[in-house]
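Read the structure below first, then the notes.
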Amino acid sequence: MTTNTGEAMQPLIAGNWKMHGLASRLGEIEAVSVSIRARPIYADVLICPPATLLARAVQAAAGSIAIGGQDCDCESTGAFTGDISAEMLKDTGACAVIVGHSERRQRHGETDAMVAAKVTAAWRAGLLAIVCIGESEAQRLAGKALTVCGDQIAGSLPAVMASSAVAIGYEPLWAIGSGSMPSPEEITQMHQHIRQCLVAHWGAAGKLVRILYGGSVKPSNAREILALPEVGGALVGGESLEAMDFETICRSVPPA
Ligand code: 13P
C-alpha cells in the first residue's frame, strides 16, 4: 500500500465487512486479488474482514490486496479478556485498522479520547489507522455537521504522531447502510473542511492524508463520488462483501 509521503499516493478503496463473513467468504477476497493481478487498478485496495478471518484473508489476498482489522485495543498486551491489540493485528499480516467507526462509538461508547489512544496504538504497531468521523442526521439538520466533524478530528488525532500513518473516513451516520447520502456539494464541502482541519493539525503534511468517503457507496455511484475534490478514496460496507461489486467500485478510480 502506498503511504502518505509523496504526491504519487493513490486513492484508497477500503472494504469494511463489519460482523459479516465466515471462512466460506474468503473466496471473494481471492477473486478480487486474482482480478487485480490480471488487470491493473489505480487504487490501493484494502479489505477489513472480521478478526477471525484475518490470517486466512492475508493468504487469500496473496499480496495484491491489503488486509486490515476493524478495531484494536489501545494497550499492546495485558489481562484484557476478549480484546485484540494493534500488535496482534500486525502479527496476522494486517497492515491497517479502522478506528472509531460510528458503530463502535455508538454500541461500545467509544469517545474521541479512546479513539485517539487507539490511533496511537496503531501507529506504535506500524498499522495505518483509518480514523472514522461523521455527523448524525439531527446534527446535519441543525447545521452543525462541519463543527461536529471538526471537533471529532481534533479529539481523535493524537497530538504527536506522523500524518503518514493516518487516513480519515468521513461517514455521515445517516448515510451508513441507508441508501441516502449527502449531495456532491455537501461531500465536497465536508472534505474541504476536513482538509483544513488536517492542515491545522499537521501543517503541509496534512495535505497528503487521504480522506475517504463512506456511506452507501455502490458500483453505480462510486465514479461520481471518487471524482469529487478532496475525496481520496472510499470506505465501503455492504457493497464490499461480493467480489464483483467491490471490484467495480475499485475500478471506478480513473488512471492518475
Ligand atoms: P455501507 O457502505 O453499507 O453504507 O457502510 C458504510 C460503512 O459503515 C463502512 O465503514
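Just so you know, all these numbers are worked out from the coordinates, no wet-lab data involved. Just so it is clear, the structure is predicted and the values come from calculations on it, not from any experiment. Virtual Cβ from ideal backbone geometry, glycine too; neighbours counted across all protein chains shown.
Just checking the listed ones, Lys90, Lys218, Lys144: in the Gaussian network model of the chain with Cα springs under 10 Å, the one fluctuating most is Lys144.
Projecting the Cα atoms of Pro255, Pro49, Ile13 onto the charge dipole of the chain (Cβ charges, centred on the Cα centre) puts Pro255 farthest toward the positive pole.
Sorted fewest first by neighbouring Cβ atoms within 10 angstrom, Thr77, Thr111 come out as Thr77, Thr111.
For the pair segment 209-255 / segment 67-93, the C-alpha centres are spaced 27 Å from each other. Fewest neighbouring Cβ atoms within 10 Å first, the residues His191, His20, His101, His108 line up as His108, His20, His191, His101.
Distance between the 7 Å Cα→Cβ label points at Ala142 and Thr52: 3.9 nm. The relative contact order of segment 100-242, computed from alpha carbon pairs under 8 Å that lie at least 6 residues apart in sequence, is 22 percent.
Overall, the chain carries a charge dipole of about 280 debye about its Cα centre when +1 sits on the Cβ of Lys and Arg and -1 on the Cβ of Asp and Glu, all other atoms neutral.
By the scheme Lys and Arg +1, Asp and Glu -1, what is the net charge of all other residues having a beta-carbon under 9 Å from that of Leu12? The partial results should precede the final answer.
On the way: positive: Arg210; negative: Asp44.
Overall, the nearby charge balance is 0.
All Cα-Cα distances of segment 11-63, cut into 10 Å bins from zero to the largest, leave 24, 59, 18 percent in each bin in turn.
Here the Karplus relation 6.51 cos²θ - 1.76 cosθ + 1.60, evaluated at θ = phi - 60°, turns the backbone of segment 9-26 into coupling constants of 4, 8, x, 10, 10, 10, x, 10, 6, 6, 8, 10, x, 9, 4, 4, 8, 4 Hz, with x for every Gly and Pro. Neighbour counting of Cβ atoms within 10 Å sorts the residues Met19, Met244, fewest neighbours leading, into Met19, Met244. Couplings 3J(HN,Hα) of segment 76-88, computed from phi: 8, 6, x, 8, 10, 3, x, 8, 10, 8, 4, 5, 5 Hz, in residue order, whole Hz [Karplus 6.51 cos²θ - 1.76 cosθ + 1.60, θ = phi - 60°; x for Gly and Pro]. When segment 78-122 is described by a simple charge dipole with +1 on each Lys and Arg Cβ and -1 on each Asp and Glu Cβ, the residue from Thr120, His108, Thr81 located farthest towards its positive end is His108. Taking amide H positions as modeled 1.01 Å from N, with prolines and chain starts lacking one, the residues under 5 Å from Ile67 and 5 or more places away or on another chain are Ile47, Cys95. A cut-off of 5 Å between modelled amide H atoms, ignoring neighbours fewer than 5 places along the same chain, links Val99 with Ile130, Val131, Cys132.
When the convex hull of the Cα atoms of segment 103-249 is projected onto a plane and the area is averaged over all directions, what value comes out in nm²? Provide the component values of the computation, followed by the final result.
Working: hull surface 34.8 nm².
For the Cα atoms of segment 103-249, the hull's average projected area reads 8.7 nm².
For the chain, the spread of Cα positions along the three principal axes, ordered from largest to smallest, is 46, 44, 35 Å. Taking Rh as the Kirkwood radius computed over C-alpha pairs, what is the Stokes-Einstein D of segment 1-124 at 4 °C in a medium of viscosity 1.567 mPa s, expressed in µm² per second? So the translational diffusion coefficient is about 85 µm²/s. Full extension of the chain between Thr111 and Thr188 yields a length gain of 25.1 nm, computed as 0.36 nm times the residue separation minus the alpha carbon distance.
In the chain, helices alone account for a calculated mean residue ellipticity at 222 nm of -11000 deg cm²/dmol, with every DSSP H run of four or more residues adding -39,500 (n - 2.57). With a Förster radius of 41 Å applied to the C-beta separation of Gln196 and Asp83, the computed FRET efficiency comes to 0.75. Each residue of segment 125-137 is assigned a 3J(HN,Hα), and the resulting list reads 8, x, 9, 6, 9, 9, 8, 8, 9, x, 9, 7, 5 Hz, derived from the Karplus form 6.51 cos²θ - 1.76 cosθ + 1.60 (θ = phi - 60°), x at Gly and Pro.
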